[in-house]
1. Using +1 on the beta carbon of Lys and Arg, -1 on that of Asp and Glu, and nothing else charged, what's the dipole of the chain about the Cα centre, debye to 20?
2. Using +1 at the Cβ of each Lys and Arg and -1 at the Cβ of each Asp and Glu in the chain, identify which of L21, T73, G46 lies farthest towards the dipole's positive end.
3. Dipole of the stretch 88-173, Cα-centred, from +1 at each Lys and Arg C-beta and -1 at each Asp and Glu C-beta, to the nearest 20 debye?
4. Could you list V96, V52 in order of exposure, starting from the residue whose Cβ has the fewest other Cβ atoms within 10 Å?
5. For the stretch 1-147, restrict the atom set to alpha-carbon positions and state the Rg and Dmax in Å.
6. Roughly speaking, what is the stretch gain from T134 to M1, that is 0.36 nm per residue apart minus the C-alpha to C-alpha distance, in nm to one decimal?
7. Tell me, in nm to one decimal, what length is gained between V122 and Q29 on full extension, where the rule is 0.36 nm per residue of separation less the Cα-Cα distance?
8. Among the aspartates and glutamates, which fall within straight-line cross-link reach of K154, defined as a Cα-Cα distance under 18 Å, with same-chain neighbours fewer than 8 residues apart omitted?
Amino acid sequence: MSRHLVLTLIGDDRPGLVEQLSAVIAAHQGNWLESSMSHLAGKFAGVLKLAVPPEQADALEAALAHLTALRVTVECSLDSTETAPVRHRRLAFSLVGHDRLGIVREVSQVFARHRVNVEKLVTHVSSAPMSSETLFHAEAELRADDSLDAAALKADLERLSNDLIADINLDEQVG
């Protein structure tokens, strides 16, 4: 049985960071499972889930602490196979609107009110075509339990859309 670890990492971006990280993981018999990594404001930032033999976990954590180019935080994770399966609904969310302070806060308040979990959120800004306005874009993968009142969630998002002057879409994912 493997021990699952979740790493968060950040450092000044430069070539070779992923190679250094993967070499340390491989040297300790770690298996790279899932990750999301990005270049943000000159920094390399990421989140990574890996599996490692229990007898290698402490040595791996020590080796990761010695990476000088990356600041790595390690958290233990429960193996997803150890938890009982729970029925849930998957939703896809997207938003495009004029950029302004508080958009993410306002949208996340609606999600929290309806007990919707944000599993993935990707955002960026761009220039609007034919104008100098800045547009805010967000895409999210969401999860809710079967009791979700999807009509009420959509109604709250539509009200928010009018307040934000934004185009908001919410679709239920099948499967």
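1. Working: 16 positive and 25 negative charges, 29 e Å.
Using only the charged Cβ atoms, the result is roughly 140 debye.
2. Selected residue: T73.
3. Numbers: 10 positive and 15 negative charges, 43 e Å.
For this selection, approximately 200 debye.
4. Values: V96 15, V52 20.
Arranged by neighbour count, lowest to highest, V96, V52 become V96, V52.
5. Here Rg and the maximum Cα pair distance are 18.9, 59 Å.
6. Values: separation 133, 0.36 × 133 = 47.88 nm, distance 4.95 nm.
Gain on stretching T134 to M1: 42.9 nm.
7. On the way: separation 93, 0.36 × 93 = 33.48 nm, distance 3.11 nm.
Between V122 and Q29, full extension yields an extra 30.4 nm.
8. Within reach: E106, E139, E141, D145, D146, D163, D167, D171, E172.
Values in this text are rule-based calculations from the coordinates and carry no lab data. Everything quoted here is computed from the prediction, not taken from an experiment. Methodologically, a virtual Cβ is constructed for each residue, glycine included, from the backbone with ideal geometry; neighbour enumeration extends over all protein chains shown.
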